[in-house]
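The values are calculated or read from the model by the stated rules, or taken from the named source; none is laboratory data. What you are looking at is a predicted structure, and each value in this text was computed from that prediction instead of being measured. Backbone-built Cβ (ideal geometry, glycine too); neighbour counts: all protein chains shown. Protein only, heavy atoms only, side chains kept; ligands, DNA and RNA dropped before computing areas. Shrake-Rupley method; radii C 1.70, N 1.55, O 1.52, S 1.80 Å.
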Amino acid sequence: MLAKVCSAAVNGIEAYPVEVEVNAGWGDTTVVIVGLPDAAVKESRDRVNTALTNSGYRFPMGRTTINLAPADVKKEGPSFDLPIAVGILAASEQLEALQLEDYVLVGELALTGAVRPVKGVLPIALQARAENKTGLLVPTENAAEAAVVDGLRVYPIQNLREAASFLEGEVQLQPTWVDVTQVFAQLPEDELDFSEVKGQESVKRALEIAAAGGHNVLLIGPPGTGKSMLAKRLPTILPPLTLAEALETTKVHSIVGLLEPGQALVTLRPFRAPHHTVSDAGLLGGNINPTPGEISLAHNGVLFLDELPEFKRNVLETLRQPLEEGRVTISRAAGTMTFPSQFMMVAAMNPTPDGKMPRESRSSPREIQNYLGRISGPLLDRIDLHVEVPAVPFQEITSDLTGETSAQIRERVIAARRRQHERFASKPRITCNARMGSRELKAHCALTSNTMDMLKAAMSDMRLSARAYDRVLKVARTIADLAGSERILTDHVMEAVQLRSLDRQLWV
């Protein structure tokens, strides 16, 4: 007898439907799985066989053929265990489900018949809703994640027998329901706060500008000045995630398997800090079957690169396209995948090879230049703010005075972002000033003749590139937004120019 069960798999960050066809026929007892299965899928026949037996069912005698359609796309992972087991039960007439094709099933089976969680359930739930399926059967630990998709009934499954009984109508299961508003209302309090950072008011100001406009930042200073401390607190002043951003971020984390059991959404902006020994595949994503890398895991959040010159140059150069386009495309033999990568890059570095300021360093000017030269000019052009982080005076370290809290700074950042959303309301792809293109720069970054003369002189003195000129205008636009000004004033441009210290060649 032939049976068909609906399932799904993930390709990139999107899911596609998979039909699990099971035919139980005559002949020698054997199980054949076709449809480009990987090793984990092939091994499912042993897991399913044992799970069926331990759940009180019998494995059919004769030749059992299992086809995973479409047959020309490689299938990965153990998520087909549950639909294969249900298909075998239906094909061997141990299960009578008249509406089997109305449901999508995913889940890994333990040898006991228990259903274990799998990766990528959120994209699968979105695909099931697009297909107008009646419901989705998922492991209990994945139910909350799938239930954020409105208009789809998500049924949590604990074991194989429960799934079979539900499909036969013998057991009634209550669909999981998640109040997305309540999920966002229960955001955990930030463990880190800007008020804990002593001094560094100019750096805090620069990070506020970066957060308000979504700009990339390079922090330059000797060890112990608080570069990492400041970078780790940047997410606490960023605007809260919107529902659309949370869904897209959760999809990436779901595919990689970073969601906690029972977690519905990623509600806090990600903060990723890969070690400087990371490979290009680890940073961008890749491997034989492309998976998201660190820049995609930082989507809608912050990517922190500490000790920037210590990263391999070829790895850093791969960041140039994602920084510009907000996505990364990876081509491998298995196919081409595109992952989102709209992140704020925050990098930190020492001013000299020995970590000291140039006037105190024993390194020669040539050694310092070679050290800074590990970061290419095109990559530096894509970093909007170059911020000097000086040593904190002893009086400020021992002072009892505290600075502004992250909540106070975040209010100003949110107000500036609100102005940007209103400005770019007709262009949803532009989420902040840092994403402006040439047309938007021309329309929203007009300068007076006096301000233009001042900027022209600064560009000549600092030998700014055309890309750096655009960055200055974007930062000036953000400074004006923070000030509540519709026009970009000379003071705004001057502050933006001052925030490109490497262009001023302070270190050599």
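List every residue pair whose Cβ atoms lie under 6 Å apart, where the two residues are 6 or more positions apart in sequence or sit on different chains, the first residue falls within the range 323-334 and is farther than 30 Å from ARG471 by Cα, and the second residue, located anywhere, is open to solvent by less than 70 Å² (accessible area, probe 1.4 Å) and modelled with pLDDT under 90.
ARG332/PRO290; ALA334/ASN289
Hey, any hits in the range 406-416 for a residue that's assigned to a helix (DSSP H, G or I) and farther than 30 Å from PRO340 by Cβ? Don't jump to the end; show me each part of the working.
So in the range 406-416, the residues assigned to a helix (DSSP H, G or I) come out as 406-416.
Checking the rest, the ones that are also farther than 30 Å from PRO340 by Cβ come to 408.
Checked against the condition, which is being assigned to a helix (DSSP H, G or I) and farther than 30 Å from PRO340 by Cβ, the range 406-416 yields at least one hit.
Just the residues that are outside any loop (DSSP other than H, G, I, E, B), of a type in the set (Ser, Thr, Tyr), touching a Gly at 6+ places or on another chain (Cβ under 8 Å) and crowded, with 19+ Cβ neighbours inside 10 Å, please, taken from the range 22-65.
Passing the criteria: only THR64.
Check every one of the strands (runs of 3 or more DSSP E) wholly within the range 276-372 and list those with 1 or more residues that are at pLDDT 85 or above, under 14 Å from the mean Cα position of the chain (by Cα) and among the β-branched types (Val, Ile, Thr).
Where strands (runs of 3 or more DSSP E) fall fully within the range 276-372 and carry at least 1 residues being at pLDDT 85 or above, under 14 Å from the mean Cα position of the chain (by Cα) and among the β-branched types (Val, Ile, Thr), they are 302-305, 327-332, 335-340.
For the range 38-78: of the residues being at pLDDT 90 or above and more than 40 Å from the chain's Cα centre (by Cα), which is farthest from ALA163 (Cα to Cα)?
The qualifying residue farthest from ALA163 (Cα to Cα) is ARG63.
Which residue, of LEU265, LEU230, LEU243, is in contact with a Phe, Trp or Tyr (Cβ under 9 Å, 6 or more places away or on another chain), of a type in the set (A, V, I, L, M, F, W, C) and surrounded by fewer than 17 Cβ atoms within 10 Å (Cβ to Cβ)?
Step by step, each of LEU265, LEU230, LEU243 is checked, and only LEU243 is in contact with a Phe, Trp or Tyr (Cβ under 9 Å, 6 or more places away or on another chain), of a type in the set (A, V, I, L, M, F, W, C) and surrounded by fewer than 17 Cβ atoms within 10 Å (Cβ to Cβ).
As an exercise: evaluate ILE237 against (1) at pLDDT 95 or above; (2) open to solvent by 10 Å² or more (accessible area, probe 1.4 Å) and give the number of the one condition it does not meet.
All conditions are met except number (2).
If a residue must be in a helix (DSSP H, G or I) and of a type in the set (Lys, Arg), how many such residues does the range 183-219 contain?
Count: 2.
Please go through the range 439-484 and pick out each residue that is among the hydrophobic types (A, V, I, L, M, F, W, C), open to solvent by 30 Å² or more (accessible area, probe 1.4 Å) and touching a Lys or Arg at 6+ places or on another chain (Cβ under 7 Å).
Correct list: LEU482 only.
Scanning for something farther than 18 Å from HIS215 by Cα, without any contact (Cβ under 8 Å) to a residue 12 or more places away in the chain and open to solvent by less than 60 Å² (accessible area, probe 1.4 Å), does the range 485-504 turn up at least one residue?
Yes, the range 485-504 has at least one match.
Return the total of residues in the range 146-177 being within 25 Å of LEU95 (Cα to Cα), free of Cβ contacts under 8 Å to residues at least 60 places away in the same chain and either of a type in the set (A, V, I, L, M) or buried (at least 18 other Cβ atoms within 10 Å of the Cβ) (or both).
Residues that pass the stated criteria total 10.
So is PRO390 more than 21 Å from ILE488 (Cβ to Cβ), part of a loop (DSSP other than H, G, I, E, B), out of contact with any Leu (no Cβ under 6 Å at 6 or more places or on another chain) and not basic (Lys, Arg) or not?
Criteria met by PRO390.
SER361: polar (S, T, N, Q), open to solvent by less than 60 Å² (accessible area, probe 1.4 Å) and in contact with a Ser or Thr (Cβ under 9 Å, 6 or more places away or on another chain), yes or no?
Considered against the rule, which asks whether it is polar (S, T, N, Q), open to solvent by less than 60 Å² (accessible area, probe 1.4 Å) and in contact with a Ser or Thr (Cβ under 9 Å, 6 or more places away or on another chain), SER361 comes out as yes.
List the residue pairs whose Cβ atoms are under 7 Å apart, where the first residue sits in the range 203-218 and is at positive phi, the second is in a helix (DSSP H, G or I), and the two are 6 or more positions apart or on different chains.
These pairs meet every condition: GLY214/ASN433; GLY214/ALA434; GLY214/ARG435.
Out of ILE409, ILE414, ILE397, which single residue is over 30 Å from GLU317 (Cβ atoms), open to solvent by 70 Å² or more (accessible area, probe 1.4 Å), among the hydrophobic types (A, V, I, L, M, F, W, C) and touching a residue at least 12 places away in the same chain (Cβ under 8 Å)?
Working: ILE409 fails: open to solvent by 70 Å² or more (accessible area, probe 1.4 Å); ILE414 fails: open to solvent by 70 Å² or more (accessible area, probe 1.4 Å).
Going through ILE409, ILE414, ILE397 in turn, the sole match is ILE397.
Please work out which residue is most open to solvent (accessible area, probe 1.4 Å), limiting yourself to the range 110-145 and to residues that are assigned to a strand (DSSP E or B) and under 22 Å from HIS253 (Cα atoms).
For the range 110-145, the residue satisfying everything is ARG116.
Just give me the residues in the range 80-109 being in contact with a Cys (Cβ under 9 Å, 6 or more places away or on another chain) and either assigned to a helix (DSSP H, G or I) or at pLDDT below 95 (or both), in sequence order.
Matches in the range 80-109: PRO83, LEU100, GLU101, ASP102.
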